[in-house]
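Let me begin by presenting the structure, written as structure tokens, before commenting on it.
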Amino acid sequence: AKLTFRMPFAMHLTAVRANVNTAPAGSTIIVDINEGGSTILTTKLSIDASEKTSTSAATAAVIGGAGPVLADDAEMTVDIDQIGSSTAGKGLKIWLIGHRI
């Protein structure tokens, strides 16, 4: 896990996004998000080569697995599976979008 944090409240997750300050080159950035060690994505979050946001990715992230309800105080981890090949993407930020339950 590259990042570990705890949920501040229970949340119904409706979307996930990512962005970077430096776009990857050569290949995509691929990110997995886990709740309690289990993925919340059936299709991982990605940022295409030469792009800075996941909103324009050729393959959109799909919420599934342990989601879409994230428990209060759940341990969340973010795994970076791929960072680009010729230039690594830098400054990754993850957005969990939803509403409090």
### Message
I'd like the full set of residues that are touching a residue at least 24 places away in the same chain (Cβ under 8 Å) and surrounded by fewer than 20 Cβ atoms within 10 Å (Cβ to Cβ), limited to region 33-43.
### Response
N34, E35, G36, G37, S38, T39, L41
### Message
Exactly one of these conditions fails for F5: (1) assigned to a strand (DSSP E or B); (2) crowded, with 17+ Cβ neighbours inside 10 Å; (3) out of contact with any Leu (no Cβ under 9 Å at 6 or more places or on another chain). Give me its number.
### Response
(2)
### Query
Under the condition of being polar (S, T, N, Q), closer than 15 Å to A15 by Cα and touching a residue at least 24 places away in the same chain (Cβ under 8 Å), which residue from region 47-99 is surrounded by the most Cβ atoms within 10 Å (Cβ to Cβ)?
S54
## Note on the structure
Only one of (1) in contact with a helix residue (DSSP H, G or I) (Cβ under 9 Å, 6 or more places away or on another chain); (2) in a strand (DSSP E or B) does not apply to A60, and that is (2)
### Query
If we keep just the residues of region 73-87 that are at pLDDT below 95 and part of a loop (DSSP other than H, G, I, E, B), which is nearest to D32 (Cα to Cα)?
G84
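Determine whether I30 is open to solvent by less than 20 Å² (accessible area, probe 1.4 Å), modelled with pLDDT of 95 or more and under 13 Å from L92 (Cβ atoms).
No: the conditions fail for I30.
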### Every residue from region 31-57 that is assigned to a strand (DSSP E or B) and farther than 20 Å from L3 by Cα
none
#### Entry: Selection status of V20, open to solvent by less than 30 Å² (accessible area, probe 1.4 Å) and touching a residue at least 24 places away in the same chain (Cβ under 8 Å)
yes
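The values are calculated or read from the model by the stated rules, or taken from the named source; none is laboratory data. Here the structure is a predicted model, which is why all the values come from computation and not from measurement. As a convention, Cβ positions derive from the backbone with ideal geometry for all residues, glycine included, and neighbour counts pool all protein chains shown. Calculation scope for accessible area: heavy atoms of the full protein, side chains included, ligands and nucleic acids excluded. Shrake-Rupley method; radii C 1.70, N 1.55, O 1.52, S 1.80 Å.
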